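Data block below; observations after.
The values are calculated or read from the model by the stated rules, or taken from the named source; none is laboratory data. Just so you know, these numbers come straight off a predicted model, no measurement behind them. Reconstructed Cβ throughout: ideal geometry from the backbone, glycine too, with neighbour counts over all protein chains shown. The accessibility values were calculated without ligands, DNA or RNA, using every heavy atom of the protein model including side chains. Shrake-Rupley method; radii C 1.70, N 1.55, O 1.52, S 1.80 Å.
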Amino acid sequence: MTENGFRAEEIDTSRPHPARIYDYLLGGKNNYEVDREAGGRLAAAAPEVWSGVRANRDFLRRAVRHVVGSGIRQILDIGTGLPSSPNVHEIARELAPEVRVAYVDNDPIVNTYANVLLRGSAATSIALADLRDPRAILDHPEVRQVIDFDEPVALLLVAIVHFLTEAEEPERVLATLRDGLPAGSFLVLSHATGDFADRSAAQAVYNNATATLNLRSRAEVERLFDGFTLVEPGLAEVPFWRPDAPPPTRPGEIGYYGGVARKTD
C-alpha cells in the first residue's frame with residue numbers, strides 16, 4: 001500500500017492514459033512506453049497535436065490569469081494531469097499569493113507526483129477522483145480542505161470533458177458541478193473538436209486507452225456552458241481566446257475550442 005492509499009498494482013501501465021499521453025506531447029518525462037507509442041501514433045494521425053497541446057496550455061494560463069484578475073481566490077482543477085510548470089497554482093499566485101487550489105485526477109501516478117510537488121502547502125491539495133462522479137469530487141475531503149463552496153470558485157475542465165462518452169452524460173456531469181458552485185464562480189473549459197478536419201484516425205489511438213476521445217462540434221461544446229454566461233470573445237479556438245501575442249496558427253489549424261464563463265445566479 002502506498003502513502004496515498006492505493007496499491008502499486010492498481011496503476012494500469014498496460015494501456016495508455018490520457019494524462020500521460022498529454023505529458024509526453026508537452027515534452028514531459030512522467031510517462032511510459034505505451035504512452036509514448038500512443039502519442040507518436042496520435043501525432044502521425046494529426047500532426048498539429050504538438051502545437052495544439054501547447055496552445056491549449058497557453059489558453060489555460062491566460063484563462064487562470066483572467067479569473068484571478070476578476071477576483072477569484074480559489075480554483076478547482078479537475079483532470080489536472082501530470083505537473084507541468086508553470087502549474088495552475090504558480091500562475092494564479094503570480095497575481096494573488098493567497099489563491100487556494102484543489103487538483104483532481106483519476107490517475108494514481110498523477111496523484112503521487114502532485115503530492116510530492118505540493119507537499120507542505122496548506123493552500124493546495126490533490127484528490128484522487130473521477131470526473132464521471134462529480135458529486136464525489138465536490139464532497140471529497142481533500143477538495144473541501146481548501147475550497148469553500150460558499151465563496152466563488154473557478155472550475156477548470158481543460159482538455160478533459162472530451163474523454164467522457166455520451167453514455168457518461170457530460171451535460172449531467174457539468175450540471176452537477178455547476179449546481180455545486182455559488183454565483184460569481186467561473187467555468188474554464190476546453191474541448192477537442194473535429195470541426196476542422198477528419199480526426200477519426202486520432203480518435204482511434206484512444207480506443208485502447210483508459211478513456212476514449214469524443215470529439216464534439218462547436219454547438220455541442222457550447223451546451224456544456226449551460227447555466228453560465230460566456231465572457232468575451234465567447235467560445236473560440238484556443239489560440240484566439242484573448243491572445244496576449246499574435247497567434248502562431250491560422251484559424252482552423254488547432255482542433256480545440258476554449259471558453260471562460262461566469263455563473264451569475
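Filter the range 68-85 for residues that are in contact with a Pro (Cβ under 9 Å, 6 or more places away or on another chain), within 16 Å of F149 (Cβ to Cβ) and not polar (S, T, N, Q) and give the result.
I72, R73, I78
Among the residues of the range 200-224, write down those that are in contact (Cβ under 8 Å) with a residue 40 or more places away in the chain and out of contact with any Ser or Thr (no Cβ under 7 Å at 6 or more places or on another chain).
Here is the first cut: in the range 200-224, the residues in contact (Cβ under 8 Å) with a residue 40 or more places away in the chain are 201-202, 204-206, 208-216, 223-224.
Within the range 200-224, A201, A202, A204, V205, N208, A209, T210, A211, L213, R223, L224 qualify.
Looking at the structure I just gave you, is R62 over 24 Å from E142 (Cα atoms) and modelled with pLDDT of 95 or more? Show your work before the answer.
On the way: over 24 Å from E142 (Cα atoms): yes; modelled with pLDDT of 95 or more: yes.
It is true that R62 is over 24 Å from E142 (Cα atoms) and modelled with pLDDT of 95 or more.
If you go through the range 128-138 one residue at a time, do you hit one that is free of Cβ contacts under 8 Å to residues at least 24 places away in the same chain, surrounded by fewer than 22 Cβ atoms within 10 Å (Cβ to Cβ) and either assigned to a loop (DSSP other than H, G, I, E, B) or acidic (D, E) (or both)?
Yes, the conditions are met somewhere in the range 128-138.
Give the range 88-103 a look and list any residue that's out of contact with any Ser or Thr (no Cβ under 6 Å at 6 or more places or on another chain), surrounded by 21 or more Cβ atoms within 10 Å (Cβ to Cβ) and not small (G, A, S), or say none. It would help to see each step written out before you state the result.
Our first condition is that a residue be out of contact with any Ser or Thr (no Cβ under 6 Å at 6 or more places or on another chain); within the range 88-103, this holds for 88, 90-100.
Filter once more, so that each one left must be surrounded by 21 or more Cβ atoms within 10 Å (Cβ to Cβ): 88, 92, 99-100.
Those that are out of contact with any Ser or Thr (no Cβ under 6 Å at 6 or more places or on another chain), surrounded by 21 or more Cβ atoms within 10 Å (Cβ to Cβ) and not small (G, A, S): V88, V99, R100.
Would you please list the contacts, defined by Cβ atoms under 9 Å and residues six or more apart or on different chains, that run from a residue in the range 140-151 that is at negative phi to a residue that is assigned to a loop (DSSP other than H, G, I, E, B) and open to solvent by 60 Å² or more (accessible area, probe 1.4 Å)?
Final answer for the pair search is Q145/A122; V146/A122; E151/R73.
Mind counting the residues in the range 39-92 that are in contact (Cβ under 8 Å) with a residue 24 or more places away in the chain and outside any helix (DSSP H, G or I)?
Result for the range 39-92: 19.
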